[in-house]
Amino acid sequence: MKDYGLLLVNLGSPAEPTTPAVKKYLRQFLGDRNVVEMPPALWKPLLNGIILPMRSWRSATFYRDCWLKNGSPLIVNTKNLTTKVQKFLPKWSVKMAMTYGKPSIGDTLRQMKQECKQIIVLSLFPHFTKSTTQSIIEQVQAVDPNLPIIDRFADDPRYLTVLSHHIQKSWDNGNYDMLIISYHGIPVSMVNHGDPYQDETERTTIELKKRLNIPEKKVEMAYQSKFGPMPWLKPYLKNRLLQLVQLGKRNILIVAPSFVTDCLETIEENSVQNYQTFRENGGNTLDVVPSLNDDANFAEFIADLAKERLN
């Protein structure tokens with residue numbers, strides 16, 4: 001039996017890039033009350049009658065476009081990161097789980113409790129928001145309410161240093177007019193109900209500007225991945241890209257810190273959909289900084305966080 005275990009938790013993915021598999025995944029994801037706060041009596045007929053039939057086949061085509069030989073990009077990249085963190089914690093058991101889909105948080109934790117004396121859970125979302133982190137907390141506590149959870153890390157200076165060096169490398173390799181730091185959006189209603197996410201992302205942007213060797217006027221933030229008709233945090237990335245083209249900013253670099261592993265949002269949404277829209281409207285270059293994935297400095301940072309949490 002190991003003395004210590006570390007569970008890394010990411011969002012999840014369909015099991016395969018088919019309409020039925022995507023539908024099953026979306027039903028679990030969009031059925032989570034932390035993700036969609038609308039009363040179930042109103043939301044479930046809408047979800048089952050309109051959204052799942054329309055969205056599942058479309059999302060399946062996007063997954064097919066970016067699916068890797070070994071599976072979903074998010075799963076493959078999270079596995080690689082888990083392997084890298086394990087190398088920095090050779091005496092620990094390091095595993096991964098997903099909020100939705102497999103491997104599940106509950107099953108993985110129950111297995112780890114048979115193998116480890118003490119377990120720490122780390123959310124792979126740098127910022128806290130109800131729509132992602134709270135669901136991880138609830139699933140962990142359903143197994144053991146006493147397990148320690150690292151529920152955010154975006155304010156840690158070591159993480160900011162790793163991320164800023166990673167961004168700088170991509171910036172220095174091109175000739176860009178602007179850097180857009182694009183975070184996953186959330187509904188404005190969540191912020192109005194006290195969600196700290198907007199404050200945390202704005203702090204990250206401020207701290208990155210201090211660390212990057214890029215003129216401050218060339219760095220701004222936006223939010224992406226809006227879903228549904230309700231207002232989400234602004235500015236919306238796609239709208240801002242079109243505005244920047246009109247202002248003559250035709251060479252843009254995007255970094256999406258909300259996603260520590262490359263996934264549908266970075267590969268398909270930014271590198272394909274936003275790229276096509278940008279080019280069709282007069283843009284020249286739209287590059288996307290790769291996610292941190294299994295970057296050795298990032299993996300070492302996560303290992304250090306886990307060791308510090310023990311103390």
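The values are calculated or read from the model by the stated rules, or taken from the named source; none is laboratory data. Predicted, not measured: the structure shown is a model, and the values here were computed from it. So basically every Cβ, Gly included, is an ideal-geometry build from the backbone, and we count neighbours across all protein chains shown.
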Tell me which residues, restricted to region 141-161, are of a type in the set (A, V, I, L, M, F, W, C), over 30 Å from L242 (Cα atoms) and either under 19 Å from the mean Cα position of the chain (by Cα) or assigned by TED's automatic domain parsing to the domain that holds N251 (or both). I149, I150, F153
The one condition F298 fails out of (1) in a helix (DSSP H, G or I); (2) surrounded by fewer than 18 Cβ atoms within 10 Å (Cβ to Cβ); (3) at pLDDT 95 or above is (2)
Quick one: E268 ticks every box in (1) surrounded by fewer than 22 Cβ atoms within 10 Å (Cβ to Cβ); (2) of a type outside the set (G, A, S); (3) over 22 Å from L74 (Cα atoms) bar one, so which box is it? (3)
Restricting attention to helices (runs of 4 or more DSSP H) lying wholly within region 98-195, give those where 2 or more residues are small (G, A, S), in contact with a strand residue (DSSP E or B) (Cβ under 6 Å, 6 or more places away or on another chain) and buried (at least 21 other Cβ atoms within 10 Å of the Cβ). none
In region 196-213, how many are within 15 Å of L233 (Cβ to Cβ) and in a loop (DSSP other than H, G, I, E, B)? 1
Determine whether G31 is modelled with pLDDT of 95 or more, surrounded by fewer than 19 Cβ atoms within 10 Å (Cβ to Cβ) and not aliphatic (A, V, I, L, M). no
Need pairs with beta-carbon distance below 7 Å; first residue under 12 Å from L26 (Cβ atoms) and in contact (Cβ under 8 Å) with a residue 12 or more places away in the chain and within region 44-57, second in a helix (DSSP H, G or I) and of a type in the set (A, V, I, L, M); sequence gap 6+ or separate chains. L47/L30; I51/L30; L52/L26; R55/L26; S56/V22; S56/L26
